[in-house]
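For reference, the structure is listed below as structure tokens.
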Amino acid sequence: MKSLLLTFAISLCVILAKGQTNIGQTEVTEWQYGKAGAVSITYDDGSRNQFSKALPIMERLKLPATFFVITGGIPGSKYHGKFIGRPVKDIIAETATISTNDQNFLERCSAAGYLGYKGTITYVTKAAGMYDNPKRKELAFKLMDSLYQKVRHGDFQPGYQPCDEYLQEEGDTWDELRRYAAEGYEIASHSITHASMPGLDSVNITYELEKSKEEIKNQMGEKYTFSTEVPYGYENERVMKIAYKIYPALRNRMPESWLTELDRPSKKTPAVNNKDYVQWQRECNTRSPLPLMKSWVDTTVARRDTWLVLVIHGVDGLGYEALSDTLLDNYFQYIKNRNSSLWIATFGDVTKYMRERETAKVSNSRKGGKIIVTFNHSLDTSMYNIPLTLKTYVSSNWKQANIKQGKHIQKVEVNKDDKGAYVQYRANTNGEAITLYTNSD
């Protein structure tokens with residue numbers, strides 16, 4: 001009887017061993033740490049209350065975020081708003097005899113904020129929004145004609161008056177932004193002046209974006225020139241083409257073949273998706289009740305493909321559609337309490353992770369009882385350097401695994417799913433091989 005039991009046990013082990021065909025099989029998890037989804041909290045404009053009211057809540061809860069700041073209004077900045085083109089007095093004179101049309105609108109709108117008078121920026125903002133809609137172009141032309149007529153008649157006070165978003169940054173300093181960056185917050189560009197770019201010509205769009213990027217590079221370092229948000233969330237094709245050449249990542253639009261985008265105005269929710277990822281942008285404002293905002297988080301947890309990008313402007317009475325710090329505290333705690341299911345990270349870090357994962361090549365081999373995993377990607381590693389989370393299937397006999405890459409060794413517990421035993425760990429995409437082994441090897 002004992003010999004029969006021993007024979008059965010040996011036979012069972014052989015069968016099980018033969019069934020472990022996936023040992024060494026490795027994949028990059030959809031999200032960092034194998035989480036079910038990702039959330040990025042982003043702020044537009046860099047208003048003072050974002051840093052004095054909202055940031056302390058995030059620091060207390062240890063939540064990362066991205067701040068898109070208007071660089072021209074921060075003391076010590078080198079680059080400020082200006083018009084690049086022919087003398088504005090010539091443009092003003094010309095408007096007396098030639099009406100605004102498709103051939104001259106962009107020049108006139110680009111110059112309008114820098115004619116030497118207060119109050120003209122609001123005309124630029126409105127006209128740019130109209131011009132962005134082909135059905136409202138004629139209204140944009142009429143508005144420009146009205147503006148320049150008032151300028152010729154002396155209806156404005158002399159001087160320069162930037163937009164409200166620019167003025168609401170008063171109190172921000174580069175020293176403070178550098179300190180926030182050192183804590184892990186992403187400081188990114190929102191242009192020099194919060195310009196309405198569909199109303200600008202190519203030269204002036206380029207100036208707003210390039211010099212804002214250069215300002216951040218000089219003040220913060222190259223690391224913080226990765227992301228941008230073109231003001232007002234515009235997705236104007238002409239503006240996007242220029243912006244893509246300057247910044248690696250735009251919150252406005254990410255035309256990746258593996259990403260479905262649901263932007264802020266979209267009324268759709270993540271549904272059946274035939275791509276690897278969904279970027280779902282939602283705006284937190286006074287028109288979005290707290291239960292609705294919480295439901296966005298719940299939807300993200302319930303799916304495995306969704307990146308929830310939250311957009312916040314005003315805080316505590318300062319800025320567009322301002323939310324109270326009490327409401328934000330409640331909401332941020334709700335997000336933090338789902339940290340076990342959600343990867344909460346900056347806009348730049350999530351973008352880098354997805355792109356690295358989509359271009360990663362993974363292979364494995366076995367040497368004795370060890371598993372050797374190699375993986376890398378085709379992107380610029382000086383920019384794309386976020387460690388990725390790998391999931392490798394191991395022998396069912398393993399209880400714990402050592403993961404060695406270069407000089408770094410980490411110990412992880414073995415888990416099981418319907419495919420077998422596996423370990424999950426983070427590794428750098430620097431081309432160094434990863435060795436997995438147990439203490440008995």
Would you work out if segment 77-138 is rounded, prolate or oblate? Take a ≥ b ≥ c from the square roots of the eigenvalues of the alpha-carbon gyration tensor; rounded if a/c is under 1.5, else prolate when a/b is larger than b/c, oblate otherwise.
-> oblate
Relative to the longest principal axis of the chain, what angle (0 to 90°, nearest 10) does the C-alpha long axis of helix 325-336 take?
-> 30 degrees
When DSSP beta bridges are limited to those with both residues in the chain, what percentage is antiparallel, rounded to the nearest 5?
-> 50 percent
Measuring from the longest principal axis of the C-alpha atoms of the chain, the long axis of helix 202-220 (C-alpha) lies at a number of degrees, nearest 10, equal to 60 degrees
Gain in length, Glu170 to Ile98, computed as 0.36 nm per residue apart minus the alpha-carbon separation, to one decimal in nm?
-> 22.0 nm
Cα gyration tensor category, rounded, prolate or oblate, for segment 128-286 with a/c compared to 1.5 = oblate
Net dipole in debye of the chain [+1 Lys, Arg Cβ; -1 Asp, Glu Cβ; about Cα centre; nearest 20] | 1640 debye
Taking the C-alpha atoms of the chain, convex hull volume expressed per residue in Å³ | 170 Å³
MRE, 222 nm, helices only [DSSP H, n ≥ 4, -39500 (n - 2.57), over the chain, to nearest 500] = -10000 deg cm²/dmol
Excluding Asp132 itself, calculate the net charge of residues whose Cβ lies under 13 Å from the Cβ of Asp132, where each Lys or Arg counts +1 and each Asp or Glu counts -1.
-> +3
Summing +1 per Lys or Arg and -1 per Asp or Glu among the other residues with Cβ less than 13 Å from Gln25's Cβ gives +1
Taking only Cα atoms, what is the 0 to 90° angle, nearest 10, from helix 237-246's long axis to the longest principal axis of the chain?
-> 60 degrees
Could you work out the relative contact order of segment 249-351, using alpha carbon pairs under 8 angstrom and six or more residues apart, expressed as a whole percent?
-> 22 percent
Once Lys and Arg get +1 and Asp and Glu get -1 on their Cβ, which of Cys109, Ser146, Ala302 lies farthest toward the positive end of the dipole of the chain?
-> Ala302
Neighbours of Pro198 by Cβ distance under 15 Å: Lys/Arg at +1, Asp/Glu at -1, summed charge 0
For the chain, build the charge dipole from Cβ charges (+1 Lys, Arg; -1 Asp, Glu) around the Cα centre, then report which of Gly81, Ser340, Tyr224 sits farthest towards its positive end.
-> Ser340
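Quick note: the coordinates plus some simple rules give every number you see, no bench work behind them. Being a predicted model, the structure only gives us computed values, none of them experimental. Note: ideal-geometry Cβ built from the backbone for every residue, glycine included; neighbour counts use all protein chains shown.
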